[in-house]
Ligand code: SF4
C-alpha cells in the first residue's frame with residue numbers, strides 16, 4: 001500500500017519557528033494554486049495507474065485556513081484519478097481558530113476521517129511568543145467540534161522558558177480535547193527564522209535540557225495511556241498514524257503541491273517550494289520538480305535501517321531478509337556487538353532501547369559507519 005500527501009502552502013500568519021513552505025501573504029494566489037494542484041493530480045495519474053493508496057494526508061501550511069471548497073475539490077480530484085481504498089486513513093491538519101461547523105461538514109463529506117490539530121502548547125503566553133494564531137481556549141473549541149472523531153494533537157517541547165509543568169499541561173489539555181494520538185516534536189531553530197536569532201542569543205534550552213524534557217514527556221504520556229511507536233509519536237492502542245508509519249517502513253508515496261516530496265519506484269523527488277514557480281511549471285505542462293534521485297542498492301538498505309530504527313519496534317529480521325536477501329544479524333554482527341548497550345534484540349527484531357531512542361541519530365550514524 002502507498003500514501004498520498006497534499007501540501008497546502010497558506011497560513012494566516014507565520015509562526016516564529018516555522019520554515020515550512022507556508023506563505024501568509026500569498027492567499028490571493030489560492031484560486032490559481034488549487035487549479036494547478038488539480039492539474040498536477042490529473043497529470044500524474046496515468047503513471048500511477050498500478051498503485052492503490054490507503055492513506056491520504058493534507059498538510060501545510062494550514063489546510064483549514066483556505067476556503068473548504070478547495071479541499072473538497074482536491075479530494076474529489078484524487079478520488080476521480082486514483083485508486084483509494086474504502087477504508088483509507090484520510091487526514092487533514094487543522095489550526096485552532098480556523099475551524100467551524102461548516103468546514104468540518106465539508107471535510108467529512110469529502111471523506112476525511114482523521115483530524116490533526118496543532119495545539120503546540122497549553123500555555124497562552126508561550127503560544128503568543130511563538131506567534132501562534134490561537135489560544136488554548138480556541139483549541140478546546142475546535143476539539144468540541146471534533147468530538148468523537150479520530151483526533152491527533154501536536155505539541156512542542158524544547159520551547160524557550162518551557163517547564164515540565166507546561167509540558168504536563170499540554171499533554172493534559174490534548175487528552176481533555178479528546179486526542180487518541182499525540183505528536184511531541186522538539187523545537188528546531190532553523191536558520192532564517194526569528195527563533196534562530198533567539199537560539200544564537202542562548203535563549204533556548206540546551207540539548208541536555210531538551211533530552212530531559214523528552215524523557216519527561218515520554219514517561220508522562222505512558223502514564224496517561226499513550227504508547228510510543230516512533231521517536232516523536234504516541235498513540236492509544238490502535239490509533240497510530242498509518243500514513244506516517246508508511247514513511248518509516250520505507251513505503252511509497254506521492255506528494256502534490258509546492259515542496260511536496262515523493263518516493264515512487266525507488267526514486268525520490270521533490271517539488272519547488274515557490275508558489276509562482278510551481279504554478280508556472282504546471283501551467284506549461286511541466287513537472288514542478290527541483291530535485292530527483294534514484295536510490296541505489298546500498299542506499300536502499302541504509303534508508304531502511306535508518307527509518308526502521310526510528311520506530312519503537314525497530315527492524316523485523318524477516319522483513320529485512322525479504323527485501324535485501326541477507327540475514328541482518330549476520331551482515332551486521334560486528335555493529336550489533338559494538339552497540340549492544342543501546343539495542344534491544346529479540347528473535348524477531350532489533351530496536352533501539354526505549355530510553356536511548358531520543359539519541360537514535362548518533363546510534364544510527366555509528367551503526368552505518
Ligand atoms: S501554522 Fe504551521 S505551517 Fe503555518 S506558519 Fe505556523 S508552523 Fe508554519
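The values are calculated or read from the model by the stated rules, or taken from the named source; none is laboratory data. It should be emphasised that the depicted structure is a prediction, and the values quoted were computed from it without experimental measurement. Positions of Cβ are backbone-derived with ideal geometry, glycine not excepted, and every protein chain shown enters the neighbour counts.
Annotations for the structure displayed:
- Considering 23, 33, 17, the condition of being within 16 Å of the ligand (Cβ to nearest atom) and within 12 Å of residue 257 (Cα to Cα) is satisfied by 33 alone.
- Residue match in the range 359-367 (condition: buried (at least 18 other Cβ atoms within 10 Å of the Cβ) and modelled with pLDDT of 95 or more): no
- Of all residues in the range 215-225, at least one satisfies being under 19 Å from residue 179 (Cα atoms) and either not in a helix (DSSP H, G or I) or not assigned by TED's automatic domain parsing to the domain that holds residue 52 (or both).
- Filter pass, residue 97 being within 16 Å of the ligand (Cβ to nearest atom) and either at pLDDT 95 or above or closer than 21 Å to residue 147 by Cα (or both): yes
- Any chance residue 148 is part of a loop (DSSP other than H, G, I, E, B), touching a helix residue (DSSP H, G or I) at 6+ places or on another chain (Cβ under 8 Å), surrounded by fewer than 20 Cβ atoms within 10 Å (Cβ to Cβ) and at pLDDT 95 or above: no
- Among residues of the range 76-101 that are in the same structural domain as residue 55 (by TED's automatic domain parsing), those with a beta-carbon under 6 Å from a residue that is away from the ligand (no atom under 13 Å from the Cβ) and part of a loop (DSSP other than H, G, I, E, B) at least six positions away or on a different chain give the pairs 90/111; 90/112; 90/113; 92/112.
- Members of the range 109-126 found to be over 18 Å from residue 60 (Cβ atoms), within 16 Å of the ligand (Cβ to nearest atom) and in contact with a strand residue (DSSP E or B) (Cβ under 7 Å, 6 or more places away or on another chain), listed by number: 121
- Residue 212 being surrounded by 13 or more Cβ atoms within 10 Å (Cβ to Cβ), in a helix (DSSP H, G or I) and either at pLDDT 95 or above or more than 22 Å from the chain's Cα centre (by Cα) (or both): yes
- Check on residue 65, within 16 Å of the ligand (Cβ to nearest atom), in contact with a strand residue (DSSP E or B) (Cβ under 9 Å, 6 or more places away or on another chain) and closer than 13 Å to residue 3 by Cα: no
- For the range 244-278, the set of residues classified as out of contact with any strand residue (DSSP E or B) (no Cβ under 9 Å at 6 or more places or on another chain) and crowded, with 21+ Cβ neighbours inside 10 Å consists of 275 only.
- Residue 52 within 13 Å of the ligand (Cβ to nearest atom) and either under 30 Å from residue 125 (Cβ atoms) or more than 20 Å from the chain's Cα centre (by Cα) (or both): no
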